[in-house]
Amino acid sequence: QVQLVESGGGLVQAGGSLRLSCAASGRAFSSYVMGWFRQAPGKEREFLVTIGRSGAMSYYADSMKDRFTIARDNAKNTVYLQMNRLKPEDTAVYYCAAGVVWPLRNEREAEYWGQGTQVTVSS
């Protein structure tokens, strides 16, 4: 079992930045591929970015490459999502996920999910 807890969400003005964290506990964190997804009101959950077990590889959704950055610290059992130049359309609940498939870009392939953290971007 792996437990995932996201933090770092909140209210930010358009153009601002946030860094989300996802802390993992349970089985060996470094054995999992990690990913970030989001779900806006009335929309399906959307893949954002995934990172490999060592952190050397990452894979972004096309629309996220220029503003979002993923990183992981296996010593701290934590994966991060740095979000810059935020837009109102980035408003959503952000989820981290863990799985064994690379790249982890299909939510059905995630084995564990966090509870989500709300990000609200005001215009």
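Quick one: count up the residues across segment 24-48 that are aliphatic (A, V, I, L, M) and open to solvent by 50 Å² or more (accessible area, probe 1.4 Å). Don't jump to the end; show me each part of the working.
The first filter runs over segment 24-48 and keeps only residues aliphatic (A, V, I, L, M), leaving 24, 28, 33-34, 40, 48.
Next, from what is left, pick out any that are open to solvent by 50 Å² or more (accessible area, probe 1.4 Å): 28.
Selection size over segment 24-48: 1.
Could you tell me how many of the residues in segment 69-92 are of a type outside the set (D, E, K, R), surrounded by 14 or more Cβ atoms within 10 Å (Cβ to Cβ) and over 17 Å from residue 50 (Cα atoms)?
Of the residues in that region, 3 qualify.
Among residues belonging to segment 1-45 that are at pLDDT 95 or above, part of a strand (DSSP E or B) and over 19 Å from residue 119 (Cα atoms), point out the one that is nearest to the chain's Cα centre (by Cα).
34
Under 9 Å between Cβ atoms, which residue pairs at least 6 apart in sequence (or on different chains) link something in segment 6-19 that is closer than 14 Å to residue 93 by Cβ with a partner that is of a type in the set (Asp, Glu) and part of a loop (DSSP other than H, G, I, E, B)?
none
I'd like the full set of residues that are under 19 Å from residue 30 (Cβ atoms) and without any contact (Cβ under 8 Å) to a residue 24 or more places away in the chain, limited to segment 94-118.
109
The values are calculated or read from the model by the stated rules, or taken from the named source; none is laboratory data. The shown structure was predicted, so the numbers you read here are calculated from the model rather than taken from an experiment. Backbone-built Cβ (ideal geometry, glycine too); neighbour counts: all protein chains shown. Areas reflect the complete protein model, heavy atoms only, side chains present, ligands, DNA and RNA absent. Shrake-Rupley method; radii C 1.70, N 1.55, O 1.52, S 1.80 Å.
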